[in-house]
Amino acid sequence: MSKIRTIGVLTSGGDSPGMNAAIRSVTRSAICNGFKVKGIYRGYEGLIHDEIKTFTTENVSNIIQTGGTILRTARSKEFETPAGRKKAYETLRKEAIDALVVIGGNGSLTGAMLFAEEYDFPCIGLPGTIDNDLYGTDSTIGYDTTLNTITDCVDKIRDTAASHERIFFIEVMGRDAGFLAQNSAIAAGAEAAIIPEDSTGSDQLIQFMERGIRKSKKSCIVIVSESPKCGAMHYAERVRKEYPNFDVRVSILGHLQRGGSPSARDRILASRVGVGAIQAIVQGQRNVMVGVRNNEVVYVPFIDAIGKRKPLDKNLIRVLDELSI
Ligand code: F6P
């Protein structure tokens with residue numbers, strides 16, 4: 001393996017609060033360990049089209065507390081093609097970048113894995129996504145902040161739900177994982193959560209209505225995981241048809257969930273895995289995602305991080321059920 005002198009860092013896919021803290025950590029730790037750092041703008045798009053700048057510690061000053069990503073981000077269709085990845089490799093050669101740190105979610109780390117295999121190029125991943133759906137790490141960068149944002153929104157919606165005695169279906173992000181829905185429902189004291197992982201095959205809406213929550217409560221909050229066919233609108237429509245006595249409203253929280261200043265937890269996670277990424281490079285590791293499990297920094301092969309399904313703790317379903325009576 002040739003000596004690594006310069007490390008490129010990029011953010012890719014949906015932004016998440018704490019990505020800036022991760023960029024700062026990677027940059028400063030790399031410089032501390034004698035590497036040069038180059039910031040790659042707009043994710044894999046910037047890698048293909050050579051939108052790259054040398055970073056010093058000043059480039060990452062005063063960003064630990066900011067949301068979004070100073071490197072900006074993109075979902076690159078071109079990088080999904082062999083021709084796109086070839087262009088990306090040519091840029092890396094031209095810029096004399098010897099290793100890549102990719103901060104992103106499932107799709108971004110899949111891209112990193114493919115690229116690393118195709119070009120035998122050292123790639124390290126950091127789990128940057130609000131969805132918390134990467135295997136091998138207890139949490140992902142941005143998840144905690146988003147959970148807090150959702151909880152805050154639900155608290156506010158509850159005020160009006162209670163005043164009007166309404167059922168609110170509140171849709172949250174998560175792609176096809178229910179971590180945000182499940183845990184925000186517990187944190188906000190919601191009456192139910194409709195999540196993709198509840199694979200009992202039963203109708204979650206009927207279960208919820210038949211439990212007769214309305215007997216003891218005048219208003220209800222149901223958190224619904226986003227889904228193209230069975231989102232909050234779908235359930236609200238059904239209640240309007242099947243239970244016409246109820247006054248129903250929908251609130252889709254949307255992209256506000258991805259913004260805002262990162263929580264202390266996300267800043268610490270991002271800082272730890274950023275340093276972990278540089279340590280991985282120093283140790284000659286490649287094709288791994290850096291995570292934190294049981295409060296220890298761990299290195300998870302890309303294939304596991306993206307290929308294995310991270311299980312939702314089934315006990316949480318019980319916690320929510322018992323506490324929402
Ligand atoms: O993966 C992060 C995420 O916010 C998902 O929860 C959501 O489904 C998706 O990105 C939305 O993507 P976009 O911002 O491209 O609409």
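Quick notes
- Rolling a 1.4 Å probe across all protein chains gives S227 an accessible area of roughly 40 Å².
- Here the Kirkwood formula puts the hydrodynamic radius of the chain at 20.6 Å, using every distinct Cα pair.
- Taking amide H as placed 1.01 Å from N in the peptide plane, the amide H of V224 sits under 5 Å from that of I170, E171, V172, I194, each at least 5 places away or on another chain.
- Per residue value of the accessible surface for the chain (all protein chains in place, 1.4 Å probe), Å²: 44
- Dividing the mean sequence gap of close Cα pairs (under 8 Å, 6+ apart) by how many residues the chain holds gives a relative contact order of 23 percent.
- The H on the amide N of V37, modeled in the peptide plane, is under 5 Å from the matching H of I7, F55, each at least 5 residues off or on a different chain.
- At R0 = 25 Å, FRET efficiency that the Cβ-Cβ distance of R249 and D321 yields, to 0.05: 0.60
- Whole-percent pair-distance distribution, where bins are 10 Å wide, for the alpha carbons of region 122-226: 15, 42, 29, 11, 3, 1
- Between F208, F169, F179, the residue with the greatest mean-square fluctuation in the GNM of the chain (Cα pairs under 10 Å linked by springs) is F208.
- Taking the C-alpha atoms only, the angle from helix 106-119 to the longest principal axis of the chain is near 30 degrees.
- Computed over region 19-103, Kirkwood Rh from alpha-carbon pairs, angstrom: 13.3
- Largest accessible area first, the residues F246, F168 order themselves as F246, F168 under a 1.4 Å probe with ligands, DNA and RNA left out.
- Kirkwood hydrodynamic radius (C-alpha pairs) into Stokes-Einstein, region 1-158, 20 °C and 1.002 mPa s, D in µm²/s: 135
- Counting heavy atoms of the protein chains alone, I130 has an accessible area of about 10 Å² for a 1.4 Å probe.
- On Cα atoms only, tilt of 143-164 relative to the major axis of the chain in degrees: 20
- Only protein atoms count toward the accessible area here, which uses a 1.4 Å probe; on the chain, the carbon and sulfur part of that area reaches 51 percent.
- Antiparallel DSSP beta bridges within the chain, percent to nearest 5: 25
- Eligible aspartates and glutamates near K308 by straight Cα distance, threshold 13 Å, same-chain separation 8 or greater: D133
The values are calculated or read from the model by the stated rules, or taken from the named source; none is laboratory data. Just so we're clear, the structure is a prediction, and the values are computed from it rather than from any experiment. FYI the Cβ positions are ideal-geometry reconstructions off the backbone, even for glycines, and counts take in every protein chain you see. The protein model used for the area step is the full one, side chains on, heavy atoms only, and it has no ligands, DNA or RNA in it. Shrake-Rupley method; radii C 1.70, N 1.55, O 1.52, S 1.80 Å.
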